[in-house]
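Written out below as structure tokens is the structure these notes cover.
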Amino acid sequence: MHVELTEEQEMIRAMAREFADKEVRPIAAEIDRDARFPRETVRRMGALGLLGMTIPPAYGGSGADAVSYVVAMEEIAKACASHAVILSVNNSLYCEPVYKYGSEEQRQRLLVPFVTGEKIGCFALTEPQAGSDATNQTTLAVRAGDHYVVNGRKVFVTSGRESSAALVFCQTDRGQGHGGISVLIIESGTPGFLVPKVEEKLGLRASDTAEFLFEDCRVPVANRLGDEGLGIKIAMSSLDSGRIGIAAQALGIAAGAYELAVAYARERRSFGVPIGQHQMVQWMLADMATAIDAARLLTLRAAALKDAKKPFGTAAAMAKLFASETAMKATTDAIQVHGGYGYIKDFQVERYFRDAKITQIYEGTSQIQKLVIARSLLGGA
Amino acid sequence: MKILVPIKQVPDTATQVRVAADARAIESAGITWIISPYDEFAVEEALRIKEKRGQGEVVAVSLGPDRVKEALRSCLAMGADRAIHVNDPAFADADTLTTARALAAVIKQEAPQLAIFGRQAIDDDMGALPAQVAELLGWPSLYWIMEEAIAADGASIRAGRQVEGGLEVFEASLPCVLAAQKGLNEPRYPTLKGIMGAKKKEIKDLKAADLGIAPEPPQLSVARLESLPPRPPGRVIGGDVHEAVRELVRALREEAKAI
Ligand SMILES: Cc1cc2nc3c(=O)[nH]c(=O)nc-3n(C[C@H](O)[C@H](O)[C@H](O)COP(=O)(O)OP(=O)(O)OC[C@H]3O[C@@H](n4cnc5c(N)ncnc54)[C@H](O)[C@@H]3O)c2cc1C
């Protein structure tokens, strides 16, 4: 078994780290404080090829593998979790499904500009009554000639206000239950597509989380992704990939907080020695380092399975579950290592702590990951 | 315009350098290797010249062991067209003059209009190569370059070098050697596409024999490396402020002889 990255993957890590350290880290505290979407650096990520990493060169991407994606995500998340989620949603939840299920015409029109960073995309599955219970969709799309007329509400859409297009999951045939769910790509500015609200959040404050309202919104049939009724299949396969991205984000948050804690443990002195000399502080750091390494290996394994075109859904759920729980624990302990200063905004760890929490919730809560994992263990039983 | 950029792979600036047991080299285990930062300015400038002129070729060259390929591949990822690796155990003990002879031989074979170096490598800080290579080739050389502009006809270059308090602008005929100073440009990151494309570009391996040279025993060899003695601990002057200030001034004047 190989546990070493290739030279190319190491170069991608070095590039992402350098970019994150020079351009993302310096603004991370400020965009968190002001809840400001970092348009400039997102455009830079597009120019560097980070927004559509795995998309083939024919559509403006770089054709990188999933392992490279994990490596780049970890480095960006180490500096700023908001940048990382913007990256993750655009890569896994917008570009990948549009590439995988889109027609040639749709790929040219609705994929290429989203790979290059000219535009960004989002994924609108969750509704007020359909979170964990994602198939309980009520947004309706009624066919009228060469259009659908869409009515309904979506909540918690990451990058919702900033996006130029959204994958919107709708009921096209209510009689069919979740077999009647389809995906429409709805472009911003389409009449009847409203963004009434952007949420105020605990963390990920530089990422906008928006509510969508559709009022008799007419969407061309040419914007349907895949056949009618494919919605849940598209959602589930996108979320399987997405979970690898979120696992990498959680890993990056944990690793970023850990690095700050190690640096602080070397500097801060109490009772005449650096606090890193106290065994109980060492204990926390050792636990953090071990869990982070385990999370990294689980995440890389899920990505490697995907690259090998093997089933990876369960591995991705395990990685996402473990990495997000690790992020919460590691950021909590990173504050503990900092003592009172960790609770103060001047020291970055409190932001990592606030950012970590969401990784246990979106793209399937930790409880839902356990359901997914258990179901794969027990089969239909 | 063909531009050759000789680069050196050096330990990362964050490396805790340790002297090896034989006291003639540094401990190489666990070192992360990077392109010497001044050489990155050189690569960037070469790429900019090519982009500005709309045509040309940028060739990265390095002399060193196998690991040097990584640094060359980074140059290819940044946008260099191809690379040359002078990889021959015969050069293991090369001093600057031997290295300069090898690079001059590569330059003669490749016949570029310009060779851009970094002003010095950040490991041993010799800064000798650009001048030695220029001397061997009979080309003009300009050090500490902060800006450059090549004439439209490609026959000459105007280059500004940093001097105390200002810029000294020279005119030189091409071909010539430049040595880049910090501030010349801001090197780009390789893009993902650049990284993915790098493995398709050529890195040519050359031995001393391919260059028609036989390395001579070095005229310069390291006699001994010594670590700096550890810095003495700082001293805290406590007590009454007036007394402490007086003591501080006395110590600065009489002990440190700083004022
Ligand atoms: C910042 C942010 C960004 C988001 N981005 C997006 C996005 O881009 N696109 C999108 O579509 N959605 C997005 N979401 C929505 C997110 O995926 C959902 O919030 C999440 O799936 C949970 O759904 P819910 O909030 O309705 O919670 P609920 O489903 O109501 O869950 C409440 C609690 O009950 C538990 N629970 C529910 N069902 C079960 C069960 N069967 N067994 C055990 N426990 C259960 C849950 O684990 C949780 O603890 C985002 C949310 C946030 C906060």
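The values are calculated or read from the model by the stated rules, or taken from the named source; none is laboratory data. Since the model is a prediction, treat every value here as computed from it, not as a measurement. Note that we place each Cβ from the backbone using ideal geometry, even for glycine, and neighbour counts take in every protein chain shown.
Quick look at the numbers
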quantity	calculated
Residue count, the stretch A:179-197 (criterion: over 20 Å from residue A:94 (Cα atoms) and either under 21 Å from the mean Cα position of the chain (by Cα) or within 15 Å of the ligand (Cβ to nearest atom) (or both))	1
Filter pass, residue B:74 being assigned to a helix (DSSP H, G or I) and surrounded by 21 or more Cβ atoms within 10 Å (Cβ to Cβ)	yes
Answer from B:204, B:200 - the residue that is assigned to a loop (DSSP other than H, G, I, E, B) and not hydrophobic (A, V, I, L, M, F, W, C)	B:200
Boolean, residue A:118 is over 20 Å from residue A:239 (Cα atoms) and in a loop (DSSP other than H, G, I, E, B)	yes
Looking only at the stretch B:147-175, and only at residues there that are aliphatic (A, V, I, L, M) and over 15 Å from residue B:49 (Cβ atoms), the one that is modelled with the lowest pLDDT	B:163
The stretch A:1-58, residues that are touching a helix residue (DSSP H, G or I) at 6+ places or on another chain (Cβ under 7 Å), outside any helix (DSSP H, G or I) and of a type in the set (Gly, Ala, Ser)	A:49, A:52
Selection status of residue A:240, of a type in the set (D, E, K, R) and under 30 Å from residue A:164 (Cα atoms)	yes
Residues that are away from chain B (no Cβ under 14 Å) and farther than 8 Å from residue A:206 by Cα, drawn from the stretch A:34-47	A:39, A:40, A:42
Some residue of the stretch A:129-144 being assigned to a strand (DSSP E or B), farther than 19 Å from residue A:46 by Cα, at pLDDT 95 or above and within 16 Å of the ligand (Cβ to nearest atom)	yes
Residue count for the stretch A:59-74, restricted to those that are within 12 Å of another protein chain (Cβ to nearest Cβ) and part of a helix (DSSP H, G or I)	4
Test: residue A:102 is over 23 Å from residue A:331 (Cβ atoms) and touching an Asp or Glu at 6+ places or on another chain (Cβ under 9 Å)	no
Meets criteria (touching an Asp or Glu at 6+ places or on another chain (Cβ under 7 Å) and facing chain B (nearest Cβ under 9 Å)) for residue A:7	yes
